[in-house]
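**Student:** One structure, as structure tokens, below. Some questions next.
The values are calculated or read from the model by the stated rules, or taken from the named source; none is laboratory data. Just so it is clear, the structure is predicted and the values come from calculations on it, not from any experiment. Neighbour counts are summed over all protein chains in view; Cβ atoms, including those assigned to glycine, are modelled from backbone coordinates with ideal geometry. What goes into the accessible areas is simple: the full protein's heavy atoms, side chains included, and nothing from ligands, DNA or RNA. Shrake-Rupley method; radii C 1.70, N 1.55, O 1.52, S 1.80 Å.
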Amino acid sequence: MLRLGLYCYAALSFVLFAAAKPVVLNWDIGYTSAKPDGKNDRRVIGINGKWPPPVVNVNVGDTLTINANNRLDEPTSLHTHGFFQNGTNYYDGAVGATECGIPPNGSYTYRMNVTQSGTFWIHSHYLAQYVDGLRTPLISKPAVEHYKYDEEMVLMLEAWYNRNSHDINDQLLSTSEATRLKPFLPTMLINSRGGSDVNITKLSFKPGKKYRLRLLNVSGTGMIRFGIEHHMLDVIELDGVDSEIKSVPSIQLSAGQRASVLVTAKNNTDYNYAFHADIFTDMQAGVERAEIPHTGTVEYAPNAPMIVPVSIGNGKTNTTMTWDFFDDIDMVPIEKIPSPGVNKWMPLEVRTAIYDDRREHMAFNNRTYWPPLVPSLFTALTTGYQAYFPDVYGFKTYPVILDHLEDVEVAIFNTDTNSHPFHIHGHNFFIIVRGTIDKNPKNRREAVSFPMRRDTITVPAQSYAIVRFRADNPGVWMMHCHMQFHNDQGLAMTFIEAPFQIINNTGKLPDQLLKNCNALGIPTSGNAMGRLGLDLANDPRGPYPLAGF
Ligand SMILES: [Cu+2]
């Protein structure tokens, strides 16, 4: 059943018989135009002349190969969000960390083993480029699904801007406060179609059937809350980690997060029901705070009446939904992995401030990120014993060296008035503790026994989260806010994990990787500046936060 841009198919029919296979995609990444909100034509980034990019379906055991050709006028890359890339660090797609970017007219072949099942996505990891449309769901099926259901639907949810990503970055990083604070609001797209006041998405439900909805928030900013009137959502997966069922009336997803929910259809076709996919812009600095409602229809019969009258537009929606905070700390994973311990403890304070370049930056511990000249992976592989000195990676990459197999606890204190979703590459976070920074014990919540794991964790405003992971994946891995504009404002850092083990883990670098750097004029050895030792002259350490901010 394919209807109105929803990708639906019988879930179990082919999965049980699927054999490991090579999945090879040939992608020409280029500009095209689209009118996703039904009103405004704009330039978007598509694949092979079409937009949106195709949904990618794989099975565990497959090898996924993407031959990417860059037809843009700027570099690009592809990041497989949520895949650990163990042994294939140089296919992680993080420009500045693991590659230089694919130059215009250049190519790069990303090749990886599919070892994880669940709901993932592929997106550009070059500045905020994915916000211009270079993002798509990646659905990976295990040999046997843990839960049975009749059908599944992929719902890619997105707070969309009718503006180019560079334009938005320029505004948010402007030295003029008036420019910075000029409000601009997104509109809601579901599977690349919509517009906030347009109800065009219909989910066709058959009585008595069980549906798996795969929800993805692929926004550059914005939290999205999803719920269906008079239906419960049984959450069974977060970010590629299967869980025991948690039944909720609604769920919120920050940028980068995914969830699968089972929904049992009613037993009759008497009514149709509204579903809600509202955007909350309170995660974005410089933007008017707003709740932007968006509804679609769960349709049992084309002519059935809606059970709840819903008025759409002018910021008004009648709803029976409750929007409790969806807390992931009490989720229980199916695969029980004991929590890592603590060999290294790392407190990170998240702060937004005006810096001495008169721009608003965001940072962990007041160190605002900017990518190095030489991607950190090359520095780790070419500086010998100095690869263990954080300084060689450049101050602004915020490098943290990890020993092989050490257990790391990261305590993220969000002193900001915005929430932020933090994404780690190459790993899942184990969610250990959540609380508020006023240290009110009533708000402190601890994981019970086996903590839930996920790759993107929301830390609400004025709150903290304590997470852990084991450094079992030698390589260079970014950790950053997945509100992409915050990442570009500096809310990012780099784990240099077991630098002496990386070469054994990954083997020889692909020739294309180095060729692409050469084409972009970027050195592929030495410290962050491409020189020997600790000669980092002209590598700026600042800007620094202004006193009083
Ligand atoms: Cu953020």
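**Student:** Counting other Cβ atoms within 10 Å, which trypsin sites (Lys or Arg not before Pro) in region 470-546 have at most 12 and lie in a DSSP loop?
**Tutor:** Lys508, Arg541
**Student:** What shape does region 79-149 have by the C-alpha gyration tensor, where a ≥ b ≥ c are the square roots of the eigenvalues, rounded means a/c under 1.5, and otherwise prolate means a/b greater than b/c and oblate the rest?
**Tutor:** Note, shape of region 79-149 comes out prolate.
**Student:** About the Cα centre, and with charges only on the beta carbon of Lys, Arg (+1) and Asp, Glu (-1), how big is the dipole of region 363-495? Nearest 20 debye, please.
**Tutor:** 420 debye
**Student:** Sticking with this one: Once phi is turned into ³J(HN,Hα) by the Karplus curve 6.51 cos²θ - 1.76 cosθ + 1.60 with θ = phi - 60°, what whole-Hz value does each residue of region 509-525 show in order, with x for glycine and proline?
**Tutor:** 5, x, 4, 4, 4, 6, 4, 5, 5, 4, 5, 8, x, 10, x, 10, 8
**Student:** Let me ask another. In square angstrom, what is the accessible area per residue of the chain with a 1.4 angstrom probe?
**Tutor:** Ligands and nucleic acids excluded, the result is 36 Å² per residue.
**Student:** Let me ask something else about it. Please compute the net charge surrounding Gly220, taking Lys and Arg as +1 and Asp and Glu as -1 over other residues with Cβ under 13 Å from its Cβ.
**Tutor:** Every neighbour counted, the sum reads -2.
**Student:** How high is the relative contact order of the chain? Use alpha-carbon pairs under 8 Å, at least six apart in sequence, and give a whole percent.
**Tutor:** Once divided by the residue count of the chain, the mean separation gives 15 percent.
**Student:** Explain nothing, just compute: Karplus ³J(HN,Hα) = 6.51 cos²θ - 1.76 cosθ + 1.60, θ = phi - 60°, for every residue of region 78-88 in order, whole Hz, x for Gly and Pro.
**Tutor:** After applying 6.51 cos²θ - 1.76 cosθ + 1.60, I find 10, 10, 8, 5, x, 6, 6, 6, 5, x, 10 Hz.
**Student:** Please report, as a whole percent, how much of the solvent-accessible surface of the chain comes from carbon and sulfur atoms (probe radius 1.4 Å).
**Tutor:** Exposed carbon and sulfur together represent 52 percent of the surface.
**Student:** Something else now. Over the chain, one equal point on each Cα, no solvent: what is log10 I(q)/I(0) by the Debye formula at q = 0.07, 0.08, 0.10 Å⁻¹?
**Tutor:** Treating every Cα as an identical point scatterer, log10 I(q)/I(0) equals -0.37, -0.49, -0.80.
**Student:** Hey, which of these cross-link pairs are over 26 Å Cα-Cα: Lys148/Lys336; Lys35/Lys515; Lys148/Lys442; Lys50/Lys515; Lys336/Lys442; Lys50/Lys202?
**Tutor:** Lys35/Lys515; Lys148/Lys442; Lys50/Lys515; Lys336/Lys442
**Student:** Per 0.36 nm of contour for each residue apart, how much would the distance between Val332 and Val144 grow if the chain were fully extended, relative to their Cα-Cα spacing?
**Tutor:** Full extension from Val332 to Val144 adds 65.7 nm.
**Student:** Also, quick follow-up: Could you rank Lys439, Lys210 by how accessible they are, 1.4 Å probe, largest area first?
**Tutor:** Correct descending sequence by accessible area is Lys439, Lys210.
**Student:** Just to verify a number: what accessible area does Lys206 come out at with the full protein assembly present, 1.4 Å probe, Å² rounded to tens?
**Tutor:** Using a 1.4 Å probe on the heavy atoms, I get roughly 90 Å².
**Student:** A further question follows. Projecting each Cα onto the charge dipole of region 163-238 (Lys/Arg +1, Asp/Glu -1 at the beta carbon, about the Cα centre), which of Ser219, Leu238, Phe184 comes out farthest on the positive side?
**Tutor:** So the residue furthest toward the plus end is Leu238.
**Student:** Further question on the same structure: Along the charge dipole of the chain, which of Ile522, Trp121, Ile354 sits closest to the positive end, that is, farthest toward it, with unit charges on the beta carbon of Lys, Arg, Asp and Glu (+1, +1, -1, -1)?
**Tutor:** Value: Trp121.
**Student:** Shifting gears a bit: Net charge near Lys396, counting Lys/Arg +1 and Asp/Glu -1 over other residues with Cβ under 11 Å of its Cβ?
**Tutor:** +1
**Student:** Something else: Give me a comma-separated list of calculated 3J(HN,Hα) values for region 92-107, in order, Karplus coefficients 6.51, -1.76, 1.60 applied at θ = phi - 60°, integers in Hz, x for any Gly or Pro.
**Tutor:** After applying 6.51 cos²θ - 1.76 cosθ + 1.60, I find 6, x, 7, 5, x, 9, 10, 7, 8, x, 7, x, x, 6, x, 9 Hz.
**Student:** Now, a different point. Counting helices only, and only those DSSP H runs with n ≥ 4, report the 222 nm mean residue ellipticity of the chain as the sum of -39,500 (n - 2.57) divided by its residues, in deg cm²/dmol to the nearest 500.
**Tutor:** Computed ellipticity for the chain at 222 nm equals -1500 deg cm²/dmol.
**Student:** Which loop-located trypsin sites (Lys or Arg not before Pro) does region 332-438 contain, where loop means any DSSP state but H, G, I, E or B and the Cβ has at most 14 other Cβ atoms within 10 Å?
**Tutor:** Lys336, Arg358
**Student:** Suppose accessible area is computed on protein heavy atoms with a 1.4 Å probe; arrange Ser260, Ser339 from highest to lowest.
**Tutor:** Result, largest first: Ser339, Ser260.
**Student:** Kirkwood hydrodynamic radius for region 95-195: how many Å is it when counted over pairs of different Cα atoms?
**Tutor:** 17.0 Å
**Student:** Which net charge results for the neighbourhood of Gly435, defined as the other residues with beta-carbon distances under 13 angstrom from its beta-carbon, given Lys and Arg at +1 and Asp and Glu at -1?
**Tutor:** +2
**Student:** Could you pull out every residue, at least 5 positions away or on a different chain, whose amide H is within less than 5 Å of the one on Leu203? Hs are placed 1.01 Å off N in the peptide plane, and Pro or chain starts have none.
**Tutor:** Thr297, Val298, Glu299
**Student:** Still on this structure: Give me the lysines in straight-line cross-link reach of Lys396: C-alpha distance below 23 Å, same-chain residues under 8 apart excluded.
**Tutor:** Counting by Cα, and skipping residues close in sequence, Lys396 has these lysines nearby: Lys344.
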